[in-house]
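The values are calculated or read from the model by the stated rules, or taken from the named source; none is laboratory data. Everything quoted here is computed from the prediction, not taken from an experiment. All Cβ positions, glycine included, derive from the backbone under ideal geometry; neighbour counts span all protein chains shown.
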Amino acid sequence: MNENSSSAGTGTGGGGSSSLSLSSTTRTRTSSSSATATDLPSRYENQKRRDWNTFGQYLRNHRPPLTLSRCSGAHVLEFLRYLDQFGKTKVHAPICPFYGHPNPPAPCPCPLRQAWGSLDALIGRLRAAYEENGAGKPETNPFGARAVRLYLREVRDLQSKARGISYDKKKRKRPPTTPTPTPTPQG
């Protein structure tokens, strides 16, 4: 690959919600001293750009090299499986005595993988970057392919069972509504 891919991916061993960093080099933006904070890209935008550049590098290093227009959901899955080697989340095999335990009491030989939440966030950023970069119509977005969605669901379910952690969808907190007083008839 390149020097950036040797430190590709960080996940969380504890299943937290950390960002999947695909590049060890961070470019700093030079700006005048009068620039405001709104001129700088957000952390999300910076991460999305790094992820997009890393995926582009992956396509260039692919054998045979791929262009983005020829990239399919299968190539995205290949990329996600490649990232697993940089994971930091222990995923127990069904035969492991710690299968289903969120905090195993002893080490085991089970593999380290990318956490589902990190992969899910990565795909979300790459899906947005694909559309922002005018790479094609949303229907042709390989990051939104059915195979990618199914793979992420499979990873989520497997990790949920293997680690004994529920990945229930978080419900949005709605702001408490204050009841409006109803006008009382005066008579």
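Figures for the structure shown
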quantity: Failed condition for S69, given (1) over 21 Å from L158 (Cβ atoms); (2) surrounded by 15 or more Cβ atoms within 10 Å (Cβ to Cβ); (3) among the small types (G, A, S); calculated: (2)
quantity: Evaluation of G124 against (1) surrounded by 12 or more Cβ atoms within 10 Å (Cβ to Cβ); (2) more than 19 Å from the chain's Cα centre (by Cα) (one fails), failing number; calculated: (2)
quantity: Considering residues of the stretch 103-118 that are part of a loop (DSSP other than H, G, I, E, B) and under 21 Å from the mean Cα position of the chain (by Cα) only, the residue farthest from S160 (Cα to Cα); calculated: P111
quantity: Close pairs (9 angstrom Cβ cut-off, 6 or more residues apart or separate chains): at pLDDT below 90 and in a helix (DSSP H, G or I) in the stretch 49-70, surrounded by fewer than 17 Cβ atoms within 10 Å (Cβ to Cβ) and of a type in the set (S, T, N, Q) anywhere; calculated: L68/N133; S69/T140
quantity: Which listed residue, of A121, A129, is among the aliphatic types (A, V, I, L, M) and in contact with a helix residue (DSSP H, G or I) (Cβ under 8 Å, 6 or more places away or on another chain); calculated: A129
quantity: Filtered residues of the stretch 127-151 (kept if among the hydroxyl-bearing types (S, T, Y) and either under 16 Å from the mean Cα position of the chain (by Cα) or on the phi > 0 side of the Ramachandran plot (or both)); calculated: Y130, Y151
